[in-house]
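Peer 1: Have a look at the structure that comes next, please.
The values are calculated or read from the model by the stated rules, or taken from the named source; none is laboratory data. Being a predicted model, the structure only gives us computed values, none of them experimental. Positions of Cβ are backbone-derived with ideal geometry, glycine not excepted, and every protein chain shown enters the neighbour counts.
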Amino acid sequence: MSQRILSPRLAGCAALFVFASTAWAQPPIAPPGAAPEMAVTAKADALPPQLQDFQAYVDSARKQFDVPGIAVAIVKDGKVVMEQGFGLREQGKPQPVDARTLFAIASNTKAFTAASLQMLAEQGKLKMDDRVIDHLPWFQMSDPYVTREMRIRDLLAHRSGLGLGAGDLLYWPPTSYTTKEVVQRLREVPLATSFRSAYAYDNILFAVATLVIEQVSGQSYADFIRNNIFKPVGMDESLVDMTYLKPGMDTAIGHAKFNFKELKPVPPMAWSNNPGAGGIYASAHDLAKWMNVQLAGGRLPDVDGKEHRLFKEESQKQMWSMLTPMKIGEPPVPELAAVKPNFAGYGEGWFLSDYRGQRLVWHTGGWPGMVSRLTLVPELKLGVVVLTNQESGAAFNAVTYRVLDAYLGKDKTDWVAAYAAAVKKSEGKADDSWKKHEAARDKNSQPSLPLAKYAGSYRDPWYGDVVVSQEGGKMRLRFSKTAQLVGTMEPWQHDTFIVRWDDRSLNADAFVTFSLDADGAIREVRMQPISPLTDFSFDFQDLRLTPVKVDSKEG
C-alpha cells in the first residue's frame, strides 16, 4: 500500500539542526474555513510597510498548510504592535480565533520553568549550581557519577547524556504515573552519551525541575507559576494545565491528520505529570505581556512609580547564555538557505541562534493538534509569537520569518512557498522510507510461533509493562500505563508485526519484533516507529521488553 507519512507535533524539540521544524509540516488538503480577524491593538500604519498585507499572508499560510486558526502577537519597544486572530478555533464551527484565544503552548512552558528556578535562586532558596540531590535526595540517574554531579542548571540545558526524548513514554501520551514516579524511573533510563558532552533534547528533566520548584517553594508547580509569574505579569487568562479549562472558554481545539490524511479535531491532552516541560495554555494577548517582560530584562510594567521586577537582569543573562552548543545542519531545500544560523545552542529554557545578523532567543512548542513559536530579538526589542491549532511547523515559521524580515528592513520572501517546498521534500523522503520497507519485506514468511505463543506480559525496566493478548481472533497490544496506546498487531514478516493504534491521530504505528532464544522461547521484544516523521516522544526504540515470568506459586 502507499502510506502518506506527514508531520508529527513539534514538541518543543524545535530543531535538532536549528531549522525549527522547517520540513515537518502538513501539506494542504482543503482550505480552512474563513473567519474574521479579531482585536488588532495597533493601527495598520503602526506596522512596517512589508506587513501591510499581513492578513492576506497569514491566510495564505493557513490555506497552504491546512491550519484552521492562527493567533499572532508582535511587540516592539515595549508596546504591543499587534495581537490578532485569524481563522477558526475549530474546523467547521463558526467561533473565530482572537487575541485572547487560549492555545496549548507546550514546550514554550520551559522558559517559565527556567524563570521560576532563577526567581527561587534570587530568594536564596536554592542556587543554580546546587546538586539536584541537595533538594531531592532520592533522585537517581542510571550513572552514579551523573546522579552526584547533576546541577539545577543542568536540568534546563539538554546536556545530561540522555538521548533524544528519552523517557517520554512515561507521560506522552498521558500515563497514570505521578510526577514523582516518572522521576524515580529515571534511574532505569540509559544514557546515550557522556555527561555534558552533547546536545539532546529531553522533557523528562523538566519533570525533575518541577519537583525541585515544588520542594523549595512549598507550593505546587501550578500555584507557583500562577502566583509568581502569571499574576505579576498580568497573564490573567493563562492556565498551567488543561484540567483548568472550562466549557465555554475561548479555547482553540487542536487538529491532526487522522491516518495521515483527514484533518480532524483532537481532544485536549492533560500533561499533569510533567507540567514544567509543557503544560501551559496561554493566549497571544497574554504572551505579548510575557515577551515585553523578557525584552525588558525582567522589569515589570511601572504601576506606582517604582521599579518592580519579575527577575533580575543578571538572572536573564544566565537564562540567555549558551550552555549547550548545537550542530548546524544544512537547510532541507535551497529556498531556506537564509534561515541557516552562524551559531546555535541552548541556554536555560531557550534556544539561541542568529538570523540576518541579529541574535534570536526563541522556542517552539508542540502538542497533539497544536504547535507554536515564540521569538525574541533582544537588540531590536522585538518579539513575535505565533500560535496554531494544527501540527504545522511550516505555518508558524513562515509567519515568524515574514515578521522578522519586515522589522529588519529586508525584502519580502515568500516563506510560504519556501516551507511548502521543504514539506514536499520531507513527504517524498517519508514515502521512500515506506517503499524501502515494502521492498525488503518477505511476504511469504510466517511467524515462527503460533500467534497464541506471542501473548503475554513484557516488561521494560523504565516504562513498565506492555501486554500482548488474543481477542476475538486479533492480536492486541496495550501499554499498561497509557490508555491511548492500544492497538491491533498484524504480521509483517517473520517474527515482526505492525501495531496500528486505535487512536488514528497519533501517527505513531510501529514495528514490533520478537527475538527467540535457541529453544524457540521469546527472549526480547523491540519496537521501532515505522515513519521517520513520527514524533520523537514516541521513543519505542528505547524499550527493552522481556517476558514477565509468572511465579508458579501465584499461577
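Residues checked against (1) touching a Ser or Thr at 6+ places or on another chain (Cβ under 8 Å); (2) under 29 Å from Ile152 (Cα atoms); (3) of a type outside the set (D, E, K, R):
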residue	(1), (2), (3)
Met319	no, yes, yes
Val333	no, no, yes
Gly349	yes, yes, yes
His363	yes, yes, yes
Gly366	yes, yes, yes
Leu376	no, yes, yes
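Peer 1: Something else now. Report whether or not Met242 is touching a residue at least 24 places away in the same chain (Cβ under 8 Å), over 22 Å from the mean Cα position of the chain (by Cα) and within 30 Å of Gln484 (Cα to Cα).
Peer 2: no
Peer 1: Would you please list the contacts, defined by Cβ atoms under 6 Å and residues six or more apart or on different chains, that run from a residue in segment 422-437 that is surrounded by fewer than 17 Cβ atoms within 10 Å (Cβ to Cβ) to a residue that is not in a helix (DSSP H, G or I)?
Peer 2: What qualifies is Lys425/Pro332; Lys425/Val333; Ser433/Pro532.
Peer 1: I've got another one for you. Take Met235 and decide whether it is more than 24 Å from Leu169 (Cα to Cα), in contact with an Asp or Glu (Cβ under 7 Å, 6 or more places away or on another chain), of a type outside the set (Ser, Thr, Tyr) and not in a helix (DSSP H, G or I).
Peer 2: Here the answer is yes, as Met235 does meet what is asked.
Peer 1: While we're looking at this one, here's another question. Consider segment 364-382. How many of its residues are of a type outside the set (A, V, I, L, M, F, W, C), in contact with a helix residue (DSSP H, G or I) (Cβ under 9 Å, 6 or more places away or on another chain) and over 19 Å from Ile280 (Cα atoms)?
Peer 2: Going through segment 364-382 one residue at a time, the tally reaches 2.
Peer 1: Do we have Ser531 as over 20 Å from Lys429 (Cβ atoms), modelled with pLDDT under 95 and buried (at least 18 other Cβ atoms within 10 Å of the Cβ) here?
Peer 2: no
Peer 1: Among the residues of segment 127-167, which ones are of a type in the set (A, V, I, L, M), in a loop (DSSP other than H, G, I, E, B) and touching a helix residue (DSSP H, G or I) at 6+ places or on another chain (Cβ under 8 Å)?
Peer 2: Residues satisfying the conditions are Met128, Leu136, Met141, Met150, Ile152, Leu162, Ala166.
Peer 1: Let me spell it out: the conditions are (1) within 29 Å of Asp143 (Cβ to Cβ); (2) not in a loop (DSSP other than H, G, I, E, B), and Phe195 meets all of them except one. Which number is the exception?
Peer 2: Against the list (1) within 29 Å of Asp143 (Cβ to Cβ); (2) not in a loop (DSSP other than H, G, I, E, B), Phe195 comes up short only on (2).
Peer 1: Sticking with this structure for a sec: Any residue in segment 510-532 that's closer than 19 Å to Pro450 by Cα: show its pairings with residues that are part of a loop (DSSP other than H, G, I, E, B) and among the polar types (S, T, N, Q) at Cβ separation under 9 Å, as long as the two are six or more apart or on different chains.
Peer 2: Phe514/Ser448; Leu516/Ser448; Gly520/Ser448
Peer 1: State all residues of segment 498-513 that are part of a strand (DSSP E or B) and out of contact with any helix residue (DSSP H, G or I) (no Cβ under 6 Å at 6 or more places or on another chain); if no residue qualifies, say none.
Peer 2: If the condition is that a residue be part of a strand (DSSP E or B) and out of contact with any helix residue (DSSP H, G or I) (no Cβ under 6 Å at 6 or more places or on another chain), then Ile498, Val499, Arg500, Trp501, Phe511, Val512, Thr513 are the ones that fit.
Peer 1: Which one of the conditions (1) of a type in the set (Ser, Thr, Tyr); (2) surrounded by 24 or more Cβ atoms within 10 Å (Cβ to Cβ); (3) more than 21 Å from the chain's Cα centre (by Cα) does Tyr355 fail to meet, given that it meets all the rest?
Peer 2: Tyr355 satisfies every listed condition except (2).
Peer 1: Considering only residues of segment 454-497 that are in contact with a Gly (Cβ under 9 Å, 6 or more places away or on another chain) and under 27 Å from Gly254 (Cα atoms), which is surrounded by the fewest Cβ atoms within 10 Å (Cβ to Cβ)?
Peer 2: Selected residue: Ser480.
Peer 1: A follow-up question, please. When only residues in segment 510-526 that are surrounded by fewer than 21 Cβ atoms within 10 Å (Cβ to Cβ) and under 32 Å from the mean Cα position of the chain (by Cα) count, which is farthest from Ala430 (Cα to Cα)?
Peer 2: Glu524
Peer 1: Also: Filter segment 361-382 for residues that are part of a strand (DSSP E or B) and without any contact (Cβ under 8 Å) to a residue 40 or more places away in the chain; which is nearest to Ala422 (Cα to Cα)?
Peer 2: Thr375
Peer 1: What are the residues in segment 270-285 that are out of contact with any Gly (no Cβ under 8 Å at 6 or more places or on another chain) and surrounded by fewer than 24 Cβ atoms within 10 Å (Cβ to Cβ), if any?
Peer 2: Ala270, Asn273
Peer 1: Residues of segment 484-517 being farther than 16 Å from Lys474 by Cβ and either among the β-branched types (Val, Ile, Thr) or in contact with a Leu (Cβ under 6 Å, 6 or more places away or on another chain) (or both), which ones?
Peer 2: Scanning segment 484-517 gives Thr496, Thr513.
Peer 1: What are the pairs with Cβ atoms under 8 angstrom where one residue, in segment 178-198, is closer than 17 Å to Glu149 by Cβ and the other, located anywhere, is at pLDDT 95 or above and basic (Lys, Arg)? Sequence gap at least six, or different chains.
Peer 2: These pairs meet every condition: Phe195/Arg159; Arg196/Arg159; Ser197/Arg159; Ala198/Arg159.
Peer 1: Inside segment 331-351, can you point out the residues that are touching a residue at least 24 places away in the same chain (Cβ under 8 Å) and either touching a Pro at 6+ places or on another chain (Cβ under 9 Å) or acidic (Asp, Glu) (or both)?
Peer 2: Glu335, Ala338, Val339, Lys340, Ala344, Gly345, Tyr346, Glu348
Peer 1: Ok, one more. Please tell me if Glu188 is under 14 Å from Gly464 (Cβ atoms) and at pLDDT 95 or above.
Peer 2: Taking the combined requirement at face value, the residue satisfies it.
Peer 1: Of a type in the set (Ser, Thr, Tyr), part of a strand (DSSP E or B) and at pLDDT 95 or above: which single residue out of Ser353, Ser315, Ser321 fits that description?
Peer 2: Ser353
Peer 1: Hey, Glu37 hits all of (1) at pLDDT 95 or above; (2) over 20 Å from Leu374 (Cα atoms); (3) touching a helix residue (DSSP H, G or I) at 6+ places or on another chain (Cβ under 8 Å) but one; which does it fall short on?
Peer 2: (1)
Peer 1: Quickly run through segment 398-442 and pick out the residues that are touching a strand residue (DSSP E or B) at 6+ places or on another chain (Cβ under 7 Å) and closer than 28 Å to Ile530 by Cα.
Peer 2: Within segment 398-442, Arg441, Asp442 meet the criteria.
Peer 1: Further question on the same structure: Going residue by residue through segment 329-343, is there one that turns out to be under 29 Å from Asn227 (Cβ atoms), at pLDDT 95 or above and either among the aliphatic types (A, V, I, L, M) or in a strand (DSSP E or B) (or both)?
Peer 2: Among the residues of segment 329-343, not one is under 29 Å from Asn227 (Cβ atoms), at pLDDT 95 or above and either among the aliphatic types (A, V, I, L, M) or in a strand (DSSP E or B) (or both), which makes the answer no.
Peer 1: Here's a follow-up. For segment 116-126, indicate whether the set of residues that are in contact with a helix residue (DSSP H, G or I) (Cβ under 8 Å, 6 or more places away or on another chain), farther than 20 Å from Ser315 by Cβ and of a type outside the set (Lys, Arg) is non-empty.
Peer 2: Checked against the condition, which is being in contact with a helix residue (DSSP H, G or I) (Cβ under 8 Å, 6 or more places away or on another chain), farther than 20 Å from Ser315 by Cβ and of a type outside the set (Lys, Arg), segment 116-126 yields no hits at all.
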